[in-house]
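Working notes, beginning with the structure itself.
What follows draws every value from the coordinates through simple rules; no lab data is involved. All values derive from a computational prediction rather than experimental measurement. Virtual Cβ from ideal backbone geometry, glycine too; neighbours counted across all protein chains shown.
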């Protein structure tokens with residue numbers, strides 16, 4: 001089996017496959033693991049699975065557990081708080097873990113290395129996928145063919161064969177492009193701006209919970225507290241883009257405006273700050289399986305960053321794919337085809353009905369924190385929505401396996 005992409009989804013899928021006794025080769029076009037700051041929220045459903053796999057204990061001390069979610073309106077100061085303790089009894093981990101994804105990748109690489117033969121690396125780095133050859137239907141004889149190539153001058157493509165190829169190679173997936181699969185959806189009109197600060201002004205820190213959604217007439221802000229710093233996400237308007245993306249001056253000015261009722265705007269001017277930006281969108285492939293190729297994670301779907309759901313969804317679908325392949329590994333080709341087809345149709349349906357639908361709602365108005373949703377009990381409504389957005393990323397694994 002070949003996994004293309006050594007990000008969190010690819011590595012966790014490979015780790016699970018090997019745990020279940022299936023051989024797996026991971027290739028990545030990068031020459032080394034990335035430590036770039038990317039997705040950094042692990043939700044209760046994923047924490048439960050990571051604990052089952054014996055991975056979570058090593059990760060918990062490196063992250064920040066966040067159980068309090070806050071909706072804060074400024075300058076009025078109105079706030080609403082909810083605790084993820086409402087998930088008690090439905091999860092072993094009623095909190096979010098704010099943790100850089102590369103720390104999970106580093107742990108997985110360590111664990112995968114232990115299982116390799118001496119001198120055999122867990123990932124073939126610097127191997128770019130450059131072509132797909134024979135790609136038979138799963139119930140047909142033969143193996144899939146793929147070619148990888150190093151970037152070294154004079155390097156020639158190498159042929160790989162595999163029963164399955166798992167595409168976990170990100171939003172700009174080479175596998176998806178080689179399969180000529182449309183990535184339908186839309187990009188949001190403007191990038192988001194992210195600033196990272198080792199500390200906040202004391203008066204601002206006193207107003208924020210570990211996860212805070214701030215509303216202000218000038219715009220919105222999302223604040224995530226990490227173990228050693230804060231991440232603040234700002235959303236500039238179209239007319240502000242040039243100045244917002246050029247350097248950190250726009251961000252400092254906007255933070256001063258957003259929190260002017262809390263502290264003097266000037267306090268933001270000299271705080272050490274890391275400033276960057278990235279584009280977001282809502283896109284999805286139409287199918288998860290083409291012959292022996294299977295798409296997971298960002299290769300199959302991307303969402304806006306609100307809610308911190310996209311990576312978690314990819315991790316869960318990758319684990320479920322590994323379980324599906326392992327359960328059918330000793331069965332007939334037709335039964336393997338059925339198991340994979342069931343996996344593909346299930347996750348495709350959940351992507352559109354759960355992941356994309358919920359992140360779109362979060363983008364519209366942060367409905368997790370909307371009061372008075374119709375039942376007459378804001379607390380009960382909020383609890384239901386928190387459970388839906390943070391726990392029920394997929395139906396119960398046991399229920400789905402039983403339905404197969």
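Brief remarks on what is shown
- Per the Cα gyration tensor, the stretch 284-339 maps to an equivalent ellipsoid with semi-axes of 26, 13, 6 Å, ordered largest to smallest.
- Size descriptor, Kirkwood hydrodynamic radius, that averages inverse alpha-carbon separations across the stretch 10-129, Å: 16.6 Å
- Projected onto their three principal axes, the Cα atoms of the stretch 152-201 cover extents of 56, 31, 25 Å, largest first.
- Likely footprinting exposure, 71, 93, 277, fewest C-beta neighbours within 10 Å first: 277, 71, 93
- MRE, 222 nm, helices only [DSSP H, n ≥ 4, -39500 (n - 2.57), over the chain, to nearest 500]: -9500 deg cm²/dmol
- Paired Rg and Dmax values of the stretch 80-208, which use every Cα atom, in angstrom: 22.3, 67
- For the chain, taking the reciprocal of the average inverse distance between every pair of different Cα atoms yields a Kirkwood hydrodynamic radius of 22.5 Å.
- Calculated P(r) of the stretch 192-278 - Cα pairs past 15 Å, %: 55 percent
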